[in-house]
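First up is the structure itself, then whatever we jot down about it.
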2 protein chains.
Amino acid sequence: MPAISNKIINRLTLYHCLLKYTFKEQRSISSFEIAELLDLDDSLVRKDIALCGVLGRKKGGYPINELQQAIEQKLGFAERKEVFIIGAGNLGTALVNYADFKDYGIDVLALFDNDSAKIGQEAGGKKILALDKLQNLIAKISIKNIILTVPPQAAQEVTDYAVKCGVQFIWNFTPVILKTPKAVTVYNENIVSSFLQMHNFI
Amino acid sequence: MPAISNKIINRLTLYHCLLKYTFKEQRSISSFEIAELLDLDDSLVRKDIALCGVLGRKKGGYPINELQQAIEQKLGFAERKEVFIIGAGNLGTALVNYADFKDYGIDVLALFDNDSAKIGQEAGGKKILALDKLQNLIAKISIKNIILTVPPQAAQEVTDYAVKCGVQFIWNFTPVILKTPKAVTVYNENIVSSFLQMHNFI
């Protein structure tokens, strides 16, 4: 897929959520309905949708099914993205249970932890493995993505180990800014920033 | 505080994470060190910091403590922001245990759920209350913020109830786009979008 901006990715995933949940009983939807619920300009919505190659009808708007599939194709949901979750605490467990991951092509293969009480257990139907098994497993099945949900004090050490094992993409849910080689991509899930942004609306 | 853009809020919270974790052993930090770890332009970092009223020294950069406190003041961390978490599953439990909330002034008072096995229990040292207690409690102590971590199929119904109870800000961790009156602010924590954005870097 040609690169599209992060803002467009963000809006398209929101449209997809709308189609999947809010309007799932309808057959079609207009750019005005989408724009109103998301507080966007309807011309922007039409531009985004045109990018996905779907044309609206003058009366009746966009067919829901077709639009949903077009967004899925544009955003590459069908491509399977295999990930390991490192840190099997509440957040790691919440994420492996996040029902929508599968729909987006995100496939959690296993969790890792170094708490012996958790190792051997399951979370969301996936095995919790000892952290020191990561190296062998990555060598065998070549997983490039991890979701990092360890406590802050362990974040950098675990990252160094994961990078040594060959991890290339880190989705970082810890509040620690990680030091990594240039070839590794880190996406910081800056949770508190969202809350402050919400209050900035006032 | 004068309104600052969401992008600046986002960067300032990232600088704060850096000062708090990565550079906590140092006494001072330069804009170049911050810029390199966050892959930003150093002139942008200096501009953001100037907004907080901190001046760097030609040699030696910014004093860590002073910069940290200035960011906290700029972002209003000292203001206490009381919230209820609705949905005491793994995600709600992860969030109430999120150690950094307190530092940012986010004070979780209680969790709510309608699972009788959870009601009366605690999570992160906070009581889990029956959802139908929300109305009385909001009437008594005037809480305006909720964090929504219920399953998707319950999201709209719980939102309608919370809005009826007087909630004005909803930090939405569900994938459902919520229908609310104009006076209510919803911030969608669009988790999957982040992952897709990360892969868009490729």
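Observations, loosely collected:
- Candidate set from the stretch A:148-159 (those that are crowded, with 19+ Cβ neighbours inside 10 Å and away from chain B (no Cβ under 11 Å)); member that is nearest to A:LEU95 (Cα to Cα): A:LEU148
- Residue tally, condition open to solvent by 30 Å² or more (accessible area, probe 1.4 Å) and either within 8 Å of another protein chain (Cβ to nearest Cβ) or not in a loop (DSSP other than H, G, I, E, B) (or both), over the stretch A:77-90: 2
- Hits in the stretch A:32-46 (condition: crowded, with 16+ Cβ neighbours inside 10 Å, in a helix (DSSP H, G or I) and within 14 Å of chain B (Cβ to nearest Cβ)): A:GLU33, A:ILE34, A:ALA35, A:LEU37, A:LEU38, A:VAL45
- Residue match in the stretch B:14-31 (condition: exposed (fewer than 15 other Cβ atoms within 10 Å of the Cβ) and assigned to a helix (DSSP H, G or I)): no
- Whenever a residue of the stretch B:70-88 is free of Cβ contacts under 8 Å to residues at least 40 places away in the same chain, its partners that are open to solvent by less than 50 Å² (accessible area, probe 1.4 Å), lying with C-beta atoms within less than 6 angstrom and at least six residues away or across chains, give the pairs B:ALA70/B:CYS52; B:ALA70/B:VAL54; B:PHE77/B:TYR104; B:PHE77/B:GLY105; B:GLU79/B:GLY105; B:ARG80/B:GLY105; B:ARG80/B:ASP107.
- Residue in the stretch B:167-190 that is on the phi > 0 side of the Ramachandran plot, surrounded by fewer than 19 Cβ atoms within 10 Å (Cβ to Cβ) and either more than 8 Å from chain A (Cβ to nearest Cβ) or modelled with pLDDT of 95 or more (or both) present: no
- Hits in the stretch B:62-76 - residues which are away from every other protein chain (no Cβ under 14 Å), of a type outside the set (Ser, Thr, Tyr) and open to solvent by 10 Å² or more (accessible area, probe 1.4 Å): B:PRO63, B:ASN65, B:GLU66, B:GLN69, B:ALA70
- Residue-level check: of (1) facing chain B (nearest Cβ under 9 Å); (2) within 22 Å of B:PRO181 (Cα to Cα); (3) of a type outside the set (Ser, Thr, Tyr); (4) open to solvent by 50 Å² or more (accessible area, probe 1.4 Å), A:ALA3 misses just (2).
- Selection status of B:ILE49, outside any strand (DSSP E or B), open to solvent by less than 10 Å² (accessible area, probe 1.4 Å) and touching a Gly at 6+ places or on another chain (Cβ under 9 Å): yes
- Within the set A:ALA117, A:ALA162, A:ALA123, the sole residue that is away from every other protein chain (no Cβ under 14 Å) and either within 23 Å of B:ASN172 (Cβ to Cβ) or surrounded by 21 or more Cβ atoms within 10 Å (Cβ to Cβ) (or both) turns out to be A:ALA162.
The values are calculated or read from the model by the stated rules, or taken from the named source; none is laboratory data. Since we're looking at a predicted model, the values are computed, not measured. Quick reminder, even Gly has a Cβ in these numbers, built from the backbone with ideal geometry, and neighbours come from all protein chains shown. These area figures cover heavy atoms from the full protein model, side chains too; ligands, DNA and RNA do not enter into them. Shrake-Rupley method; radii C 1.70, N 1.55, O 1.52, S 1.80 Å.
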